[in-house]
1. May I ask you to derive the FRET efficiency for A:D381 and A:D402 from their Cβ-Cβ distance with R0 = 25 Å, giving the value to the nearest 0.05?
2. Let me know the mean shielding of B:439-446 by other chains, meaning the per-residue number of their Cβ atoms within 10 Å of its Cβ.
3. Normalised by the empirical 2.2 N^0.38 Å for globular proteins, what value does the Cα Rg of region B:337-450 take?
4. Would you tell me the mean number of C-beta atoms belonging to other protein chains that fall within 10 Å of each C-beta in A:96-105, as a whole number?
5. Would you calculate the separation in nanometres between label points at B:R446 and B:R357, each defined as 7 Å from the Cα along the Cα-to-beta-carbon direction?
6. How high is the relative contact order of region A:2-89? Use alpha-carbon pairs under 8 Å, at least six apart in sequence, and give a whole percent.
7. Sorted from shortest, what are the nm distances separating the label point of A:S20 from equivalent points in the other copies, each placed 7 Å from Cα along Cα to C-beta?
8. Evaluate region A:217-322: find the radius of gyration of its Cα atoms, find its Kirkwood radius, and give the ratio Rg to Rh.
There are 2 protein chains.
Amino acid sequence: MPVDVVARLRSLLGDRVDTSPAALDAARADKSGHAAAGRPLAVVHASGVDDVQATLKIATETGTPVVTRGAGTGLAGGSIAGPGEIALSVRRMDRILEVRPDDLIAVVEPGIINADLNAALAEHGLWWAPDPASRDIATVGGNIATGAGGLLCAKYGVVRDAVLGVDLVLADGRLMRLGHRTVKGVTGLDLTSLVIGSEGTLGVVVGATLKLRRLVPGAVCTVAVTFPDVRSAAAASAAVTASGVQPSIMELVDAAALAAIHDLLGLDAPTPGAAQLTIQTDGPAAAGDADAIAEVLRGAGGTVAVSHDREEGERLLAIRRSMHPAIERLGTTLIEDVSVPRSALPDMFDEIARVEREHGIVIPTVAHAGDGNLHPNFVFDASESEGDGIAAVPPHIWDAADDLFRAALRLGGTLTGEHGIGVLKRRWLVDELGEDQWELQRRITRVFDPQGILNPGKVFTP
Amino acid sequence: MPVDVVARLRSLLGDRVDTSPAALDAARADKSGHAAAGRPLAVVHASGVDDVQATLKIATETGTPVVTRGAGTGLAGGSIAGPGEIALSVRRMDRILEVRPDDLIAVVEPGIINADLNAALAEHGLWWAPDPASRDIATVGGNIATGAGGLLCAKYGVVRDAVLGVDLVLADGRLMRLGHRTVKGVTGLDLTSLVIGSEGTLGVVVGATLKLRRLVPGAVCTVAVTFPDVRSAAAASAAVTASGVQPSIMELVDAAALAAIHDLLGLDAPTPGAAQLTIQTDGPAAAGDADAIAEVLRGAGGTVAVSHDREEGERLLAIRRSMHPAIERLGTTLIEDVSVPRSALPDMFDEIARVEREHGIVIPTVAHAGDGNLHPNFVFDASESEGDGIAAVPPHIWDAADDLFRAALRLGGTLTGEHGIGVLKRRWLVDELGEDQWELQRRITRVFDPQGILNPGKVFTP
């Protein structure tokens with residue numbers, strides 16, 4: 001009875017229920033390049049907590065699946081909504097409710113964009129550290145749903161380190177206030193952490209209490225380094241980590257990714273085979289740290305350029321931040337997101353080279369080298385749909401990705417460092433968790449959502 | 001059939017099953033000063049994961065409750081074992097299995113003492129940041145079970161920030177490996193965080209992958225300040241936080257606590273009414289930070305002494321670290337552990353003064369002022385036992401503690417910052433969580449432990 005559901009939503013929520021073809025098609029997709037097999041029932045543009053609660057009560061009463069989304073910048077298909085599902089957008093809930101410079105906290109709604117939040121916080125001399133490459137277009141709620149990472153994590157932590165509490169609407173519409181406004185707090189189970197990275201399977205995040213930092217004083221220095229091959233670059237980044245100097249950012253771009261980015265930006269083609277490291281240091285010791293890092297990199301055989309100019313540093317980093325749009329132009333992408341212990345980074349690049357050889361494909365790869373998180377991109381032509389909610393990933397691509405993921409596991413790594421499981425990686429979840437833990441996790445989701453209406457088919461494939 | 005349980009344990013575990021009166025009595029108590037109403041069935045001294053699994057299988061088959069303990073330094077009664085229960089000690093599982101300076105991780109067994117771990121890590125130029133006042137006698141497993149904090153949290157984080165993975169034995173004896181060896185990892189639900197602070201209700205932690213830091217280079221500077229009254233000291237600490245300079249440690253001791261400590265240490269009695277702040281700075285900017293903090297404190301009316309000598313600093317801090325033994329001498333204690341937003345610290349001290357006045361008692365209090373975590377101590381004479389697993393807290397003490405806790409909640413605070421709920425605070429848990437969240441949390445524990453044999457009666461009172 002899909003018609004009844006939409007009518008019931010409309011009767012309560014009026015024109016915040018959107019069934020225009022454009023809105024429905026937008027809700028089928030995210031930034032993974034994949035899309036649901038068909039259109040969802042409706043998009044609800046929630047304007048507040050009440051709207052979210054009303055939507056979930058109707059969903060529970062009618063047994064209708066709900067897929068929560070923010071800005072739709074996810075890279076694993078976690079927020080794509082298909083036939084028979086309600087797409088619940090919290091993008092319009094984008095207010096900053098409170099900023100407390102003395103307590104270093106902010107209370108926000110989930111739809112606010114990272115960059116907008118940080119622009120507002122800067123007036124108070126504050127910032128929220130999570131810094132996904134998509135920070136200009138991604139929402140805080142999406143960051144929380146995926147347990148996002150980004151470029152600054154090795155020094156400034158991940159989302160889990162930067163959220164003190166979340167307000168969560170359960171499947172049945174009840175509102176739970178989880179966590180604290182205090183730095184310390186161990187009252188009962190840490191459900192805030194459990195919600196972070198749960199990809200819409202436990203409830204809808206309608207508010208968050210964020211742990212802020214003061215803006216880092218001092219300069220930002222940037223070290224740009226070129227190596228003749230990617231293994232040398234990876235080994236050099238591990239040497240930087242081992243040296244004890246802590247960069248704020250250390251990004252590695254391999255030759256194929258670099259070529260795609262240069263093409264997008266209209267730059268001259270890079271030296272064939274060459275890989276690039278872009279490293280930033282910040283804080284009072286930025287200049288000395290940059291010099292020490294440059295020394296390590298020269299010793300590792302790199303061609304090094306150091307800049308003490310913040311704007312030039314941003315220009316250099318813009319190359320790295322252009323990776324996703326550059327790869328998008330090549331075709332549909334299965335974006336891997338493996339993370340390995342930092343010392344295993346060179347070995348992981350060897351494994352990527354092996355997979356490229358053995359499977360006869362090119363895998364443009366970037367890495368947050370400071371924390372061992374790699375994004376190998378499997379590019380393919382997706383002209384057909386599998387019909388189960390994701391675009392057709394050709395079998396040879398699945399095979400190559402499978403090979404790569406297992407290599408990461410062998411090196412002590414994990415399937416996803418920051419993008420989440422969504423639909424793209426659910427087939428491997430059980431391989432990493434084991435049957436027992438997979439089942440334990442699925443049963444925990446059922447405590448929050450007994451009917452299984454929250455983002456069904458994501459993360460935990462039936 | 002208690003006899004059967006012990007016999008079954010003995011047949012598998014031999015002399016690692018201890019029923020000596022001394023061992024049983026030790027397992028009835030922890031450092032809260034409270035004790036179970038009677039002796040447990042046995043103490044199992046597990047020497048490895050197999051022993052833990054064997055114990056839990058027998059417990060599950062016989063429906064016998066299991067209370068896990070480490071060094072027994074808990075302050076909320078979370079590890080005290082009583083009649084009909086198995087006390088499962090993991091204290092002997094104290095090996096460091098792996099240290100990886102290049103990846104900044106260590107893999108350890110749960111029974112290792114914080115101080116022993118850090119002594120071993122120092123040889124690699126590393127440390128594990130959690131720093132409870134009990135660091136010389138507390139175990140890493142106990143730190144994880146309680147979600148411990150300590151003195152360094154405002155700058156270096158709490159246990160949740162310093163654990164990447166835990167190995168957990170479930171109630172039925174199955175071993176789960178939760179979490180990662182990588183800095184980033186969002187594969188499925190974050191069960192590692194859920195286990196941190198779960199006080200033995202979800203399983204038995206038999207191993208942990210810890211996130212390490214490099215030893216902080218540079219000097220440690222100490223600022224010792226006296227204020228005529230505790231509110232001035234609290235306001236000054238909030239001013240330090242608001243100034244943006246980040247101390248590594250900022251401890252506040254009120255007049256009653258200071259008098260007890262001076263008495264224990266054989267020092268001259270302090271000025272009546274005077275409260276003390278002890279602040280440390282570290283890292284390359286330690287000296288400049290200490291001077292800046294001293295300036296703020298002088299402006300706030302404090303009598304300030306600055307020391308650039310590390311050993312003198314340790315002597316000054318030893319006063320703060322002597323708080324628990326000093327208070328122990330006064331009687332049995334109900335140790336509160338409220339945490340409030342840092343800006344609310346002066347108001348919280350006003351509330352403590354009000355509770356002292358209205359209830360006609362003295363509440364010696366110390367605070368981790370850098371993160372808003374207070375330990376008001378309700379001291380009383382416990383010559384009788386209630387018979388439900390804790391020593392008799394007189395009704396007028398419960399009333400005063402209740403008053404205090406509600407004041408903390410009104411100020412945006414929480415019941416426990418770092419000690420946990422255990423038995424001492426379970427009566428308030430529902431007040432903070434609300435009925436709905438309390439029930440949700442209890443149901444999550446049942447996913448891990450369907451029979452409810454893991455630390456029953458702790459945290460969640462039936």
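What follows is calculated from the coordinates using simple rules that are stated; it is not laboratory data. Keep in mind that this is a model prediction, so the values were computed, not measured. All Cβ positions, glycine included, derive from the backbone under ideal geometry; neighbour counts span all protein chains shown.
1. Values: r = 20 Å, r/R0 = 0.78.
The formula returns an efficiency of 0.80 here.
2. Rounded to a whole number, the mean comes out at 5.
3. Normalised Rg, Cα atoms only: 1.15.
4. Values: counts 0, 0, 0, 0, 4, 4, 8, 10, 7, 4.
Across the residues of A:96-105, the mean count of other-chain Cβ atoms within 10 Å is 4.
5. So the label points at B:R446 and B:R357 sit 4.7 nm apart.
6. Working: 160 pairs, mean separation 32.4, N = 88.
For region A:2-89, the relative contact order is 37 percent.
7. 7.9
8. Details: Rg = 13.1 Å, Rh = 13.6 Å.
Rounded to two decimals, Rg/Rh equals 0.96.
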